[in-house]
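The block underneath contains the structure these notes are about, expressed in structure tokens.
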Amino acid sequence: MKTQKQLFSYLILFFLCIACSTQKTSEISYISEDAVHTNIIVKGRGYIGVIFPVDYNDMPFRYNWITDIKEQTTLTLSDINSAEKILKKGIKEISKNAYYPDHPIIHEKLSKYIRQYFGYINSDGDKIVFINCFWPNESRFARFINRTLYNEQEDESWKTEYYHVLDGGTYYWKVKVNLTKEILFDFGTNGTA
């Protein structure tokens, strides 16, 4: 009887560990003019995003939003976990002056934002994560209605292309995370029209 209870306890513990796994990944491959690229879609507790590979050279690299770059690097899942912990810990302070009426308060709605992750090494040898964050264009209910009733496809271009929007206030923002020093810097939101 005692061994059955122990076995049952171990089975429950095993299934709880599987159920509580905090990060899921998948890959999405796409073809650009010069090569086949593979981005990694990450889903963790309170976030969803995409890791862009080292060979991605469009925005933000092309428009000098990332400066002091020694080399690009592809981020690991461990890098994303670390960046998300640093982001959650410091976003309230770094975004305290980002306020627009009728727009989300970033630290209160952090889990609502989709992320794009770009990695690079700066001139000091520190590993930096550039995170581009944006609000989904429509609610889950609206997406469900549009797909079900109107057979509309969901816009998934954010998985393969840098998501760039003009204006929009706190619905769109960017921040850099220095993984080596464990700090946030270069935070900025879009303006409003």
Note, segment 161-174: 3J(HN,Hα) by Karplus (6.51, -1.76, 1.60, θ = phi - 60°), whole Hz, Gly/Pro = x, goes 10, 4, 8, 10, 9, 8, 6, x, x, 7, 6, 9, 8, 9
Around Gly168 (Cβ within 13 Å, Cβ-to-Cβ, excluding Gly168; K/R +1, D/E -1) the net charge comes to -1
Reported to the nearest 10 Å², Trp158 has, with a 1.4 Å probe, an accessible area equal to 20 Å²
For Val54, the residues 5 or more places away or on another chain with a placed amide H closer than 5 Å to its own amide H are Thr74
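The values are calculated or read from the model by the stated rules, or taken from the named source; none is laboratory data. Keep in mind it's a predicted model, so treat the numbers as computed, not measured. Every residue, glycine as well, gets a Cβ built from its backbone with ideal geometry; the counts of neighbours run over all protein chains shown. Just so you know, the surface numbers come from the protein's heavy atoms only, side chains and all, with ligands and any DNA or RNA stripped out. Shrake-Rupley method; radii C 1.70, N 1.55, O 1.52, S 1.80 Å.
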